[in-house]
Structures are given as C-alpha cells and as structure tokens.
Amino acid sequence: MKKVLSITALVAAFAFTLSSCGCDDETKKQPVTPPAEDMMVPPAAEAISNTLTLSAHDEMKFDKTELKALAGKPITLTFAHIGTMDKNTMGHNFILLKKGTDIDDFVKKALTAKDNDYIPKSESDKIIAHTKLLPGGATDTIEFTVPEKGTYDFICSFPGHAATMRGKFIVE
Ligand SMILES: [Cu+2]
C-alpha cells in the first residue's frame, strides 16, 4: 500500500508541475491583449449633449440639418430666429415630428392653422415638441424628452418653408 501511495504522490506532483507551467503561459499572454481597448467606445457616445441650439435667418434655412441627442434624458433646445423679418412674412418655428409622420400631409394641415402659429391642432398626436412661431430677433427655449432611440424629422411649418427647412433629429 505504501508503494501505491508514493506513486500517486509522484503523479500528483508531476501533474501539479504541468498545470503550474500552463498557468505561467496564461499570465504571459495577458498583457498582449489589454482590455482597455474596449473602454474607448462608450465615452464617445456620451459626448452627445442634450443642450442644443438651432437657428434660422431670413432665408428659409436652418443652420443645422442634423441634431443629435440622447434618449430618455431631458433635452433643452434653444431656437433662434436671427433674421429681421416679421412673423407674418418670415416666421419660423421648430417642430419635432413622431416617426412615420407624413411631412407633406402635416404641412398641408399646418396651412390652415395660422391662428395657432401654423401648428395644426388636429395633428397634435404627431408632434413630440415644438417652439413658438418666431419673428426675426426672437428666441424660444423648449424642454422635452425623447424616450425611444431613432431618427426623427424636424421642420418649420410656416407656409412653404418645410420644403427647405427640415432636418434629421437623431436620438441615440
Ligand atoms: Cu420657417
């Protein structure tokens, strides 16, 4: 019996030596692939700010055709009409539409909503957020939240403006 035990002990000792060799190899490999590389991606996404600015002048254009924000967090948007014309001739607003809204159809209905800053009450379920209709020199700041990630359309609904005053609102 004693002989058997000592052989077992030898085998165990040998096995231990083998496995410890394997461990050494593992530790030598680790520095080659540093896990830090993966951590570079999230900070880039967090660089998106939910404090946004947008402007438009007397030509029918927004200064940006793409805005980005983070989903589920309050967004503060300041829209400025940096032109000089009055609201009845060259008013501008910002309307953020829900996904799947037909812009042409929305704009047609907006034509009949002059008393409500060209924001058609019948289409209120298609609007995520909107500013007032501004004359030159005015600004309006609004706060809203977009819970779902995706790409949304924004427009100015003053008659004729949406043809050129439109852009993409990307929520990540
Ligand atoms: Cu406009």
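Coordinate-derived values only; no laboratory data. Keep in mind that this is a model prediction, so the values were computed, not measured. Cβ placement follows ideal geometry from the backbone for every residue including glycine, while neighbour counts extend to all protein chains displayed.
Using the Cβ atoms and a cut-off under 12 Å, what net charge is assigned to the surroundings of Gly91, where Lys and Arg are +1 and Asp and Glu are -1?
Numbers: positive: Lys87, Lys114, Lys132; negative: Asp58, Asp86, Asp117, Asp140.
Surrounding charge for Gly91 is -1.
Testing the spin-label approximation: label points 7 Å from Cα along Cα→Cβ at Lys73 and Thr53. State their distance in nm.
Here the modelled spin labels are 1.9 nm apart.
Using the structure shown, select from Lys87/Lys149; Lys73/Lys108; Lys87/Lys168; Lys73/Lys132 the pairs with a Cα to Cα distance greater than 28 angstrom. Provide the component values of the computation, followed by the final result.
On the way: Lys87/Lys149 33 Å; Lys73/Lys108 32 Å; Lys87/Lys168 24 Å; Lys73/Lys132 22 Å.
The answer is Lys87/Lys149; Lys73/Lys108.
Once the Cβ-Cβ distance between Thr164 and Asp125 is put in as r, and R0 is 30 Å, what FRET efficiency do you end up with, to the nearest 0.05?
Details: r = 26 Å, r/R0 = 0.87.
That pair, Thr164 with Asp125, gives E of 0.70.
In whole Hz and in residue order, list the ³J(HN,Hα) couplings for region 88-104 that follow from phi through the Karplus curve 6.51 cos²θ - 1.76 cosθ + 1.60, θ = phi - 60°; x for Gly and Pro.
Values, residue by residue: 7, 9, 9, x, 10, 9, 10, 10, 9, 9, 5, 4, x, 6, 7, 4, 4 Hz.
Taking the inverse of the average 1/r across all pairs of different Cα atoms in region 44-171, what Kirkwood radius in Å do you get? Could you put the intermediate results ahead of the total?
On the way: mean 1/r = 0.0688 Å⁻¹.
Kirkwood radius, region 44-171: 14.5 Å.
Could you give the nm distance between label points at Asp63 and Asn88, where each point is 7 Å from its Cα heading toward the beta carbon?
Placing both labels 7 Å beyond Cα along the Cβ direction yields 2.9 nm.
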